[in-house]
Amino acid sequence: MAIKALIFDVDGTLAETEEAHRQAFNETFAASKMDWAWGVPMYGTLLKTTGGKERMQEYQKTHRSHEPQMDRDQIQDLHAQKTARYVEILASGGLPLRAGVADLISRAQAAGLRLAIATTTSRPNVDALTACCWGKTPEQIFEVIATGEHVKAKKPAPDLFELALKGLGLPAAECLAFEDSRNGVFSATRAGLRTIVTPGQYTANDDFSGAADVISSLEGFQF
Ligand code: XBP
Ligand code: MG
């Protein structure tokens, strides 16, 4: 079947954003006088848990179980502070799109393909990314924007890609998904989507079984 829409993951796929997320988490912990600080190796492990709130919950449970555990509201509040910091970090500029992404989006638009996002991250972070990298709102580029707040089950569950397909009103067979992580491949393929993977700085060693293709970048990608 001819491809009518492209559905993109955000973090690690459109841009290498996770170092900015990690910086936002660490700045938030420091500002809250917590002795939490996530180095690259620890963050790489924690990234197996999708969702920043879920990630902090997992960390306190597995690495800080001896401490008083924060409740949902405290986690929610800390995450809101982290999101505000992440938005500031991106607004300070300098984060590039991954190789080939801008050109692929332009070629897809010129070819009349429809564009969507299916991301675990929070909506303000998508606004910050499209502002930073395109100088536009997400709606000026993507017709459908499915973010973590809109689903109960985050990746690797299929919910986010299913929500994007629902918004497009297209069958999975007429769409193509782009991801960077094992959790993302599970999510997209469980939604019935052929999935193209461009491994990122934190996912290079992931098992991408089930992906239609694994390529180093989207430069010159032919849909
Ligand atoms: C990646 C994630 C997100 C980000 C942090 O999302 O799992 O949790 O790491 O963003 P994706 P939040 O690869 O699906 O774009 O703190 O807003 O969750
Ligand atoms: Mg990702």
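Evaluate the following for T83: is it in contact with a helix residue (DSSP H, G or I) (Cβ under 8 Å, 6 or more places away or on another chain) and either near ligand 1 (Cβ under 10 Å from one of its atoms) or modelled with pLDDT of 95 or more (or both)? Here the answer is yes, as T83 does meet what is asked. The set of residues in the range 1-51 that are more than 16 Å from ligand 1 (Cβ to nearest atom), more than 15 Å from Q81 (Cβ to Cβ) and among the hydrophobic types (A, V, I, L, M, F, W, C) comprises M1, A2, I3, A5, A37. Take Y59 and tell me if it is in a helix (DSSP H, G or I) and either closer than 20 Å to T119 by Cβ or within 16 Å of ligand 2 (Cβ to nearest atom) (or both). Against the criterion (in a helix (DSSP H, G or I) and either closer than 20 Å to T119 by Cβ or within 16 Å of ligand 2 (Cβ to nearest atom) (or both)), Y59 does not qualify.
What about N205, is it away from ligand 2 (no atom under 12 Å from the Cβ) and either within 17 Å of H21 (Cβ to Cβ) or out of contact with any Gly (no Cβ under 8 Å at 6 or more places or on another chain) (or both)? Here the answer is yes, as N205 does meet what is asked. Against the test of being within 26 Å of A164 (Cα to Cα) and away from ligand 2 (no atom under 16 Å from the Cβ), the options A30, A20, A15, A2 yield a single qualifying residue, A2. A single entry from G184, G200 fulfils the requirement of being within 12 Å of ligand 1 (Cβ to nearest atom), in contact (Cβ under 8 Å) with a residue 40 or more places away in the chain and outside any loop (DSSP other than H, G, I, E, B): G184.
The residue pairs whose first member lies in the range 138-151 and is outside any helix (DSSP H, G or I), whose second member is aromatic (F, W, Y), and whose beta carbons are closer than 9 Å, counting only pairs six or more residues apart or on different chains, are I141/W134; F142/F8; A146/F161.
For the range 152-166, the set of residues classified as surrounded by 16 or more Cβ atoms within 10 Å (Cβ to Cβ), in a helix (DSSP H, G or I) and not acidic (D, E) consists of L160, F161, L163, A164, L165, listed by residue number. Scanning the range 110-122 for residues that are farther than 19 Å from A24 by Cβ and touching a residue at least 24 places away in the same chain (Cβ under 8 Å) returns A111, L113, R114, L115, A116, I117, A118. Of all residues in the range 117-137, one or more are outside any loop (DSSP other than H, G, I, E, B) and of a type in the set (S, T, Y).
The values are calculated or read from the model by the stated rules, or taken from the named source; none is laboratory data. Bear in mind that the values here come from a model prediction, so they are computed numbers and not experimental data. Counting neighbours? That spans all protein chains shown, and the Cβs are built from the backbone with ideal geometry, glycine included.
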